[in-house]
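Read the structure below first, then the notes.
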Amino acid sequence: MNFFPFEECHDCPYYRMKSGISYIRILHASPNSPAVDVYANDKLIAKNLSYRGFTPYIGVPEGQYRVKVFATGTKEKPVLDTELSLPGNASYTIAAIGNPNEISLFPIVEHQKSLSPGKLFLRFAHLSPNAPSVDIVTTDGKKLFEDISYKEVDDYIEVNPGTYSIKINPSGTNNTVLFVPNIRLLPNRYYTIYAVGLVGGKPSLQVLIPLDGTSYLRE
């Protein structure tokens, strides 16, 4: 079993996906959990990954994996020991989610879709364990995503590039729990808005908006 690194790059050319290979990165989205080391079939694939952190993408042969997650620097009593099946020819963000006593892995596939020239794809992933279902609304009142619950990922929508400010509201209300200004979105890219953290707790609710691997991976 061989893994190979694939660094995220905002201005890279497209890369051709290898047949039978999945491209994965790990996101640490478990609030109040320690930094972790992640092993797949006893091979270290992520070291000292802190909350809110993403690993680079790595290429992984399709198949079944036993994934163990340990507090960094330890190899006893994993905080998570689970099986994960990965088909080939896809890219994923695999999020470690939930509170420290109930961490689980949540694979999020990054679908390739036909993108209109000069446009971009945007979607929303709800990874806050204590937040209600939410709407994502622009400052001019347009709902981008509606009634998204914990562990739900909405489909990509095609939008124009530009700078956006958004509000996260409990579904069907105007009671903003998080305002996120000045999100710069570039054309010909795929983005996911990840909501992480806790409503009314620490760490507080916030968003992470990295590029998805489908921005530069092609089948």
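The values are calculated or read from the model by the stated rules, or taken from the named source; none is laboratory data. Because the structure is predicted, anything quoted here is derived from the model rather than measured. Here the Cβ is made from the backbone with ideal geometry for all residues, glycine too, and neighbour counts use every protein chain on show.
Of note:
- Matching residues, the stretch 174-195, being exposed (fewer than 11 other Cβ atoms within 10 Å of the Cβ) and on the phi > 0 side of the Ramachandran plot: Asn182
- Any chance Val137 is touching a Lys or Arg at 6+ places or on another chain (Cβ under 7 Å), free of Cβ contacts under 8 Å to residues at least 60 places away in the same chain and within 29 Å of Leu185 (Cβ to Cβ): yes
- The residues of the stretch 195-210 that are out of contact with any His (no Cβ under 7 Å at 6 or more places or on another chain), closer than 16 Å to Phe54 by Cβ and part of a strand (DSSP E or B), listed by number, are Val196, Gln206, Val207, Leu208.
- Look at (1) assigned to a strand (DSSP E or B); (2) at positive phi and you find that Arg52 fails only one, number (1).
- Residue in the stretch 63-73 that is surrounded by the most Cβ atoms within 10 Å (Cβ to Cβ), counting only those that are modelled with pLDDT of 95 or more and within 10 Å of Asp37 (Cβ to Cβ): Val69
- Considering only residues in the stretch 115-149 that are under 18 Å from the mean Cα position of the chain (by Cα) and surrounded by fewer than 14 Cβ atoms within 10 Å (Cβ to Cβ), the one that is farthest from Thr93 (Cα to Cα) turns out to be Asn130.
- Residue count, the stretch 96-117 (criterion: of a type outside the set (A, V, I, L, M, F, W, C), closer than 26 Å to Leu49 by Cβ, out of contact with any helix residue (DSSP H, G or I) (no Cβ under 8 Å at 6 or more places or on another chain) and not in a strand (DSSP E or B)): 5
- Ser30 fulfils the conditions (1) part of a loop (DSSP other than H, G, I, E, B); (2) surrounded by fewer than 21 Cβ atoms within 10 Å (Cβ to Cβ); (3) within 19 Å of the chain's Cα centre (by Cα) except for a single criterion, (2).
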